[in-house]
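Accompanying notes for the structure given below.
The values are calculated or read from the model by the stated rules, or taken from the named source; none is laboratory data. These figures come from a predicted structure and were not determined experimentally. Every residue, glycine among them, receives a Cβ derived from its backbone with ideal geometry; neighbour counts consider all protein chains shown.
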Amino acid sequence: MPVNAPKLDTGLNLKKQLSTVTQNLIDALPASSAPIYARLKSAIVNNIANAIWMPEQRLPSESEIVRALGVSRMTVNRALRELTADGVLSRQQGVGTFVAHKKSHSALFEVHNIAQEIADRGNKHSVNIVSLQSVKSNSDQALRLGVRTGEKIFESIIIHLENDTPIQLEERIVNAQLAPDYDQQDFSQLTPYVYLNKVAPISEGEHLVEAVSANVSEANMLNISTHQACLQIKRRTWSGKQIVTSARLLSPGHLFQLFGHFGPK
């Protein structure tokens, strides 16, 4: 069953809910000469776009749609299957079909302020600061930052939330020479991105993107199931010729996606 999927009432209340949702579907069907599966897809998308159906809302079953519209099961299955492939719906075997969460997305070839991205979607950004401290770099950290082993650096672990839902775990190490006051910042008021870009403006960066599973600790911090598929970005940024920061960003796969655009040079 989807994470945090709503528990529908049983008996008469369930029938009433499904009946209302089925009527919403019928009312939204466009009057056109398009194939019925295309009209069905359009009706579902319109109900979601117009906030008639909300994320995690359960849709009528294939059988219920077949009976309501008087069409073949193959037609209904095609519409639901294609919308599921597009990420509009989420289907769980033996459970039902649900409106999927709209995935947050970030530009693949740019470094953006996550707080601003969330605000641009009309939502509220907040953070849980797990740790923020200065440490002596180990050999791996020194290599990632281009400093000497044992040199002072900063470490931080921050959970970014969108409307109180965790969407990203940020583990970061920072070159203390370039950002000497990093551990004195109030990251509930500004993001590391804003502070670091102010004291050491980004001149270039690199990304490594992978699909990984969350371990127990990560799953607890992100409030997801253990070993749930996640999107991981390992990112380093430079200011001039010096590495400012190396970060690992982990997001639940069902809530996050990357976007890139290519064009003529």
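Odds and ends about this structure:
- Meets criteria (modelled with pLDDT of 90 or more and within 29 Å of P55 (Cα to Cα)) for N175: no
- Which numbered condition M54 fails, given (1) closer than 30 Å to M221 by Cβ; (2) outside the structural domain of L208 (by TED's automatic domain parsing); (3) part of a helix (DSSP H, G or I): (3)
- All positions within region 234-258 that are surrounded by 16 or more Cβ atoms within 10 Å (Cβ to Cβ) and either among the polar types (S, T, N, Q) or at pLDDT below 90 (or both): T237, S239, T245, S246, S251, P252, G253, H254, L255, F256
- Meets criteria (charged (D, E, K, R), surrounded by fewer than 16 Cβ atoms within 10 Å (Cβ to Cβ) and within 30 Å of I173 (Cβ to Cβ)) for D120: yes
- Residue selected from region 15-40 under the condition in a helix (DSSP H, G or I), modelled with pLDDT of 80 or more and among the hydrophobic types (A, V, I, L, M, F, W, C), by the criterion surrounded by the most Cβ atoms within 10 Å (Cβ to Cβ): L40
- Filter result for R148 (in contact with a strand residue (DSSP E or B) (Cβ under 7 Å, 6 or more places away or on another chain) and either touching a residue at least 24 places away in the same chain (Cβ under 8 Å) or charged (D, E, K, R) (or both)): no
Let's see how each residue does on (1) in contact with a Phe, Trp or Tyr (Cβ under 8 Å, 6 or more places away or on another chain); (2) modelled with pLDDT of 95 or more; (3) surrounded by fewer than 18 Cβ atoms within 10 Å (Cβ to Cβ):
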| position | (1), (2), (3) |
| --- | --- |
| I158 | yes, yes, no |
| Q168 | yes, no, no |
| E171 | no, yes, yes |
| Y182 | yes, yes, no |
| L190 | no, no, yes |
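- Residue count for region 123-140, restricted to those that are under 20 Å from V212 (Cβ atoms) and touching a residue at least 40 places away in the same chain (Cβ under 8 Å): 1.
- One residue stands out among those in region 227-244 that are in contact (Cβ under 8 Å) with a residue 24 or more places away in the chain and in a loop (DSSP other than H, G, I, E, B): the one that is nearest to I159 (Cα to Cα), which is Q228.
- Residue pairs meeting the criteria (Cβ under 6 Å; at least 6 apart or on separate chains; first in contact (Cβ under 8 Å) with a residue 60 or more places away in the chain, in region 81-97; second of a type outside the set (A, V, I, L, M, F, W, C)): S90/P2
- The condition of being outside the structural domain of N197 (by TED's automatic domain parsing) and out of contact with any helix residue (DSSP H, G or I) (no Cβ under 7 Å at 6 or more places or on another chain) holds for only one of A115, A85, that being A85.
- Residue ID - surrounded by the most Cβ atoms within 10 Å (Cβ to Cβ), chosen from residues in region 198-226 that are among the polar types (S, T, N, Q) and in contact (Cβ under 8 Å) with a residue 24 or more places away in the chain: N223
- Test: residue in region 139-158 that is assigned to a strand (DSSP E or B), among the acidic types (D, E) and on the phi < 0 side of the Ramachandran plot: yes
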